[in-house]
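**Q** Before we start, here is the structure in question, set down as C-alpha cells.
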Amino acid sequence: MITGGARRIGRAIALTLAEAGADVAITFLKSGREAQHTVIDLTSFGVRAVALHCDVRDQKSVKSVLKETAEELGGLDIL
C-alpha cells in the first residue's frame with residue numbers, strides 16, 4: 001500500500017513495485033482522477049491494483065482502507 005500513490009513520489013514507488021510484480025493498493029485524498037489513471041498504468045504490468053480514498057488523519061478511514069485492501073488483494077506485505 002502506497003499512501004498518496006496517485007502522484008509524484010508515491011506514484012513512482014507504486015509503478016516501481018508493480019513493475020517488480022507486486023499487486024499495489026494506492027490511497028488518495030483529493031486526487032481521484034490521477035489515482036484512476038495510476039491504476040490503469042499499474043495494471044499494464046499485469047498486476048492487480050486498486051485506488052482507495054483515505055484520509056490518513058482519520059483512524060476510521062484508515063481501518064476501512066486496510067480492510068478493503070485485504071479483501072481486494074489478499075492482505076498487505078509492504079506499507
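**Q** What does the charge add up to near ILE2, with Lys and Arg as +1, Asp and Glu as -1, over the other residues with Cβ less than 12 Å from its Cβ?
**A** Around ILE2, the charge tally is +2.
**Q** Around GLU34, what is the net charge, scoring Lys/Arg as +1 and Asp/Glu as -1 over all other residues with Cβ under 14 Å from its Cβ?
**A** Neighbourhood net charge equals +4.
**Q** Can you give the net charge of the other residues whose Cβ lies under 11 Å from the Cβ of ARG11, counting K and R as +1 and D and E as -1?
**A** Summing Lys and Arg as +1 and Asp and Glu as -1 gives 0.
**Q** While we're on this one: Which aspartates and glutamates have a Cα less than 15 Å from the Cα of LYS60, not counting those fewer than 8 places away in the same chain?
**A** Result set, ordered by chain and number: GLU68.
**Q** List the relative contact order of the chain as a percent without decimals, with contacts defined as Cα pairs under 8 Å and 6+ residues apart.
**A** 28
**Q** Would you mind classifying the chain by shape? Square roots of the alpha carbon gyration tensor eigenvalues, ordered a ≥ b ≥ c; an a/c under 1.5 is rounded, otherwise it is prolate if a/b is larger than b/c and oblate if not.
**A** Cα axes put the chain in the oblate bin.
**Q** Between GLU19 and PHE45, what is the spin-label point distance in nm, taking each point 7 Å from the Cα along the Cα→C-beta axis?
**A** In this crude label model, GLU19 to PHE45 measures out at 0.8 nm.
**Q** Also: Rounded to the nearest 500 deg cm²/dmol, what is the calculated helix-only ellipticity per residue at 222 nm for the chain, with -39500 (n - 2.57) per DSSP H run of length n ≥ 4?
**A** -15500 deg cm²/dmol
**Q** Among ARG57, ARG48, ARG33, which one shows the highest mean-square fluctuation when the chain is modelled as a Gaussian network with alpha-carbon springs under 10 Å?
**A** ARG57
FYI, it's all coordinate maths here, none of it is from the lab. Bear in mind the structure is a predicted one, so any value in this text is a computation, not a measurement. Note: ideal-geometry Cβ built from the backbone for every residue, glycine included; neighbour counts use all protein chains shown.
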